[in-house]
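Everything on this sheet refers to the single structure shown next.
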Amino acid sequence: MDLKWELKEMFDSLVSAPKYHLALEGCLVMCVLWLIFHKSYRPEASKLTEKEKEELINEWTPEPLVPDTPADHYALNPRIVTSKLGKRIVIDGTDCLNLSTHNYLGFVENDKCIESAIKGLRKYGVGSCGPRGFYGTVDIHLELESRLAQFMGVEEAVLYSYGFSAISSAIPAYSKVGDVIFVDEGVNFAIQQGLIASRSKIKFFKHNDVEDLHRLLLEQADLDRKNPKKAKVTRRFLVVEGLYINYGDICPLPQLLELKKKYKVRMFIDDTCALGVLGANGRGVVEHFGVSVNDIDMICATLENAMAAYGGFCCGTSFIVDHQRLSGLGYCFSASLPPLQAAVALTSLETIEKDNSVIETLRQNCQTMHSFLENIPSVKVFGEPISPVKHLRFSNSTNDYKHETKKLEAVVDYAQERGYALTVARYLEESEHLLPEPSIRLIVNALLSDEEMRQSAQLITQSFESVLSLY
């Protein structure tokens, strides 16, 4: 009886339902039935003849793996050095005064560094052939890490076998998907690669523009207020260089620290060009401004410039640095720093700790060279007076990147023919976030005499004027 009653209710509801509703349900039922019983389309397999195969192969044009490179491209025509990369170098058979490599303190030719390298070579061999976690940790690595931490005034330091990989591995070790990184738009390529690897949200602010950074931080604070749940799990980072390799200027660290503390962001500094250069003892931009190193979450630098060795390091508190031993890709998966290079870095470190006069000499040379270059009418100098990295451009330069680069290359050729080694600053043009204007990157070192710098400025004047007369 109950079943008959239920069927009657179903029939009544069906009769009383709107006609469009019944029509729609009917269409849906038909579609389902069609899909169930419909045979899928199976075209007959056709076999190509040998002639058809040949025709298809002949018509196919593969895409090149790499773009066409002109025969006169600088990468295909490197300048060959056949001597030490010291104060003087022999390039393509020409003996030149070196104004192009980052040998800031002149340690490439330092007798103590050379002797340490030889002793390290005899004791440890030529390399490690293993990452730090797989028999690649040698006692001298631990000694160098300890000495670097002591020198920088922090708890701990971690060594990398390649300077580029230090900052590019450190950033993605901490910042992940969903995090936010505020970064100066003029940072070097190693930092840019670290940003990409992190997959975080990147917010670039104008180069050395504290007000623009403040604007971005205010925008983020507003977003955090609107979505407090997401804000609780979002980490925020600030990444800058101490001394910018692409500009030769110094970051406004005191003002950046004010914003860091106010908006509670973690701060990473790449001090690659500032180590051994800025500060009375060469401890970098933190010492230069006299701020507390404890206010910086992490400092990275290379040993390949002022220290004249290989590799790089990151330093800070043990809580922060130890994390890289488990998640820093360049640390975990690359063969460790060759022990002989660790010996060189230790000797360079000991040298400036015992006598920091070479740092003061470098600073004076930077200021002297800057004053000479500023007096050249055809040249515009970029960079701080105390910076060993200076960028030279034509005073009346245009916006034509290739044309300006070609003119600067002519300046370099003119100088090399007369015994002065200069170099055009090179970039991966298609990959840079913000491609700097073409320039000659001139490097000052502590070994130059006042007379050599004066003669260099005279030669640069002649080079620029000679090229201007041709263009």
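Which of rounded, prolate, oblate describes region 400-471, given a ≥ b ≥ c as roots of the alpha-carbon gyration tensor eigenvalues and a/c under 1.5 marking rounded, otherwise prolate only if a/b is larger than b/c?
oblate
Using a ≥ b ≥ c from the Cα gyration tensor of region 113-252 (square roots of the eigenvalues), is it rounded, prolate or oblate, where a/c under 1.5 gives rounded and otherwise the larger of a/b and b/c decides, a/b for prolate?
Prolate, since a/c reaches 1.5 and a/b exceeds b/c.
Separation of region 231-307 and region 64-123 by C-alpha centroid, Å?
28
Among DSSP beta bridges whose residues both lie in region 110-354, state the antiparallel percentage, nearest 5.
For region 110-354, the DSSP antiparallel bridge percentage is about 40.
Hey, which of these cross-link pairs are over 19 Å Cα-Cα: Lys229/Lys264; Lys203/Lys260; Lys84/Lys380; Lys176/Lys226; Lys87/Lys390; Lys123/Lys354?
Beyond 19 Å between Cα atoms: Lys84/Lys380; Lys176/Lys226; Lys123/Lys354.
Dipole magnitude of the chain about its Cα centre, charges +1 at Lys/Arg Cβ and -1 at Asp/Glu Cβ only, in debye to the nearest 20? Spell out each step's value before the answer.
Working: 50 positive and 62 negative charges, 239 e Å.
With Lys and Arg at +1 and Asp and Glu at -1, about 1140 debye.
Using only alpha carbons, build the gyration tensor for region 110-354 and give me the equivalent ellipsoid semi-axes, biggest first, whole Å.
In descending order the semi-axes read 33, 20, 14 Å.
If Lys and Arg each add +1 and Asp and Glu each add -1, what is the summed charge of the other residues whose beta carbon sits under 10 Å from the beta carbon of Gly153? Write down the numbers at each step before the final one.
Working: positive: Arg283; negative: Glu155, Glu287.
My count for the surroundings of Gly153 gives -1.
Among (i) 146; (ii) 317; (iii) 262, find the value of volume of the Cα convex hull per residue in Å³ that was calculated from the structure presented, and write down its label.
Comparing each candidate, only (ii) matches the computed number.
Find which of Ile80, Ile91, Ser116 sits farthest along the positive direction of the dipole of region 36-117, computed with +1 on the beta-carbon of Lys and Arg, -1 on that of Asp and Glu, about the Cα centre.
Towards the positive end, the residue furthest out is Ser116.
Output ³J(HN,Hα) for region 461-467: one whole-Hz value per residue in order, computed from phi by the Karplus curve 6.51 cos²θ - 1.76 cosθ + 1.60 with θ = phi - 60°, and x for Gly and Pro.
Here the 3J(HN,Hα) series is 4, 4, 4, 5, 5, 4, 5 Hz.
Kindly report the accessible area of region 371-471 per residue (heavy atoms of protein chains, probe 1.4 Å, no ligands, DNA or RNA), in Å².
47
For the chain, what % of the accessible area comes from carbon and sulfur atoms, probe 1.4 Å?
In the chain, the share of accessible area belonging to carbon and sulfur is 57 percent.
Restricting to bridges with both residues inside the chain, how much of the DSSP beta-bridge set is antiparallel, in percent to the nearest 5?
55
Counting only heavy atoms of protein chains, what accessible area per residue, in Å², does region 110-354 have with a probe of 1.4 Å?
With all protein chains present, region 110-354 gives 42 Å² per residue.
The values are calculated or read from the model by the stated rules, or taken from the named source; none is laboratory data. Given the structure is predicted, the values throughout are model-derived calculations rather than measurements. Here the Cβ is made from the backbone with ideal geometry for all residues, glycine too, and neighbour counts use every protein chain on show. When the accessible area is computed, the model is the full protein with side chains, heavy atoms only, and any ligands, DNA or RNA have been set aside. Shrake-Rupley method; radii C 1.70, N 1.55, O 1.52, S 1.80 Å.
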